[in-house]
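The values are calculated or read from the model by the stated rules, or taken from the named source; none is laboratory data. Small disclaimer: the values here were computed from a predicted structure and weren't measured. Cβ sites come from the backbone with ideal geometry, for glycine too, and all protein chains shown count toward neighbours. In case anyone asks, the SASA skips ligands and DNA or RNA and just uses the protein heavy atoms, side chains included. Shrake-Rupley method; radii C 1.70, N 1.55, O 1.52, S 1.80 Å.
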Amino acid sequence: MSANIKPEFWIVTGAASGIGAAVVRAARKSGANVLAVDVDQTKGSALAEETGALYRSCDVGDLTQWQQLVDYLDSEQADLGAPTRIHLNAGIQIAPPNVPLSEYQLEAATLERYRRMMSVNVDGVVFGLQTLLPLLAPGAAIVATASLAGLTPYAIDPLYAMSKHAVVGLVRSLAPDLARRCITIHALCPGAVDTDIIPHAQKTKDAQFMTPADLAKDVMELMAETESGKSWVRLRADKPRYVIRAPGDKTG
Ligand code: NAD
């Protein structure tokens, strides 16, 4: 590689744990500069120390904090150039993992939990795109972490499923316009991955999970995928990733 080629510059949200942390590790291993974004300052700083990534605290559901992040990127202090790889990955379920599954049901959702989940899962992607898209040059790539629950029913947490369907719809709808700017966008739709988001009641001894590293591999590959606007499902590490097309989508 020529010494003049600038390394990729990744921004990863929800980077301090689970899938996001695995993506930070994989991107750093590939030689990229990485800005790890998360509300968890303890884990975010530890990951930065471990990997050499930069860490910034940012609540992805807060537009003002996104604007502060962009101000930081514009500042001389950052000296990173324009981002080339964006992974909008932060997400939560409607209830914390340690409560009974009955609390995940629609009737049990408090207004506070509902607003919080929508702000992370939906606003977090919308605000990230609104603030970062103006910075991107042709050749940039975006992956948004949706979920299998963004394509199929997920009766355990119906409101989470609704929020992930929103991410899939946004990715599908933005892709044609972004293609005119030579920017790709993909929805990552994993089945069960062993991370902190999984309700403890689902972590039974027979449950089968993929690892965050399995999904990091997908994210690395999707950043180079030219077929844009698709929903990529990964159910098991030993089976291929595949696309679930929108009704009427005859491409590919
Ligand atoms: P995780 O809990 O390990 O990681 C989520 C990260 O998001 C945490 O570090 C958390 O601090 C961060 N976060 C939460 N709210 C935030 C906010 N407002 N701003 C910034 N960061 C915030 O869980 P994970 O499984 O790695 O989740 C990553 C993504 O994968 C989520 O979008 C999740 O919905 C999705 N997903 C997970 C699974 C699974 O089975 N684990 C399956 C499908 C999709």
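Before moving on, here are some points about what is shown:
- Filtering the range 131-168 to residues that are open to solvent by 30 Å² or more (accessible area, probe 1.4 Å) and more than 21 Å from residue 224 (Cα to Cα) leaves 148, 151, 152, 153, 154, 155, 156, 158, 162, 165, 166.
- Exactly one residue among 120, 126 is more than 22 Å from residue 210 (Cα to Cα), open to solvent by 40 Å² or more (accessible area, probe 1.4 Å), part of a helix (DSSP H, G or I) and among the β-branched types (Val, Ile, Thr), and that residue is 126.
- Within the range 79-92, being within 14 Å of the chain's Cα centre (by Cα) and assigned to a loop (DSSP other than H, G, I, E, B) holds for 89, 90, 91, 92.
- Test result for residue 237, part of a helix (DSSP H, G or I) and either crowded, with 16+ Cβ neighbours inside 10 Å or in contact (Cβ under 8 Å) with a residue 24 or more places away in the chain (or both): no
- The set of residues in the range 170-195 being open to solvent by less than 80 Å² (accessible area, probe 1.4 Å) and in a helix (DSSP H, G or I) consists of 170, 171, 172, 174, 175, 176, 178, 179.
- In the range 196-226, the residues that are under 19 Å from residue 26 (Cβ atoms), of a type in the set (Gly, Ala, Ser) and assigned to a loop (DSSP other than H, G, I, E, B): 224
- Yes/no for residue 229 being at positive phi, free of Cβ contacts under 8 Å to residues at least 40 places away in the same chain and in a loop (DSSP other than H, G, I, E, B): no
- Candidate set: the range 179-207, residues that are within 11 Å of the ligand (Cβ to nearest atom) and not hydrophobic (A, V, I, L, M, F, W, C); chosen: the one farthest from residue 22 (Cα to Cα): 202
- Scanning the range 103-132 for residues that are touching a helix residue (DSSP H, G or I) at 6+ places or on another chain (Cβ under 8 Å) and among the aliphatic types (A, V, I, L, M) gives 106, 108, 109, 117, 118, 122, 125, 126, 129, 132.
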